[in-house]
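Okay, structure first, notes after.
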Amino acid sequence: MFAEAAGGDKKKGTRRFPLWTRDTARPEGGGRAASGDAPAPARQWPLIAVLAVTGLGLLLTAFDVFRVGTMLVGVALLGGAVLRWVLPSVGMLAVRSRFTDMLTYGILGLAIVLLAMMAQPDPWLRIPFLQDTLHFTVR
């Protein structure tokens, strides 16, 4: 805590945060999903699974299967929330604390699935107050 000055006096160190952070703590559950001797894809299989389902959903969306593709993207995020809840270590799928990751993945996944089900034409899901709100704001 004390820094030695040139004249031999001791000065009290600063209580400010450092200008550059030298390291960060890993998020809870951010360890490898498989042992260290496993190949890299096996160590990160939760993230790869979520990205693969998301990629498939985007591919389907690109091939004009919009509703199913976007629902698959939402389901991938919901799956990421479930993996984050169930598994003790999920590798790079852990970005923040377990609670924050589950909440973020879950809310975004649910919103994407609901919006995909409400997409026009011929929506699978109708929520009346949203339609009333739209008509109120547009007119």
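The values are calculated or read from the model by the stated rules, or taken from the named source; none is laboratory data. In this text, all values refer to a predicted model and were calculated from it rather than measured experimentally. Because the Cβ atoms are built from the backbone with ideal geometry, glycine has one as well, and the counts that use them run over all protein chains shown. SASA here: full protein model, heavy atoms, side chains in, ligands and nucleic acids out. Shrake-Rupley method; radii C 1.70, N 1.55, O 1.52, S 1.80 Å.
Restriction of the trypsin sites (Lys or Arg not before Pro) in the stretch 46-136 to DSSP coil positions whose beta-carbon has at most 12 other beta-carbons within 10 angstrom yields Arg126.
Residues whose amide H falls under 5 Å from that of Ala119, counting only those 5 or more places apart or on a different chain, are Trp124, with hydrogens built in the peptide plane. The accessible area of Asp132, taken with all protein chains in place and a 1.4 Å probe, comes to roughly 100 Å².
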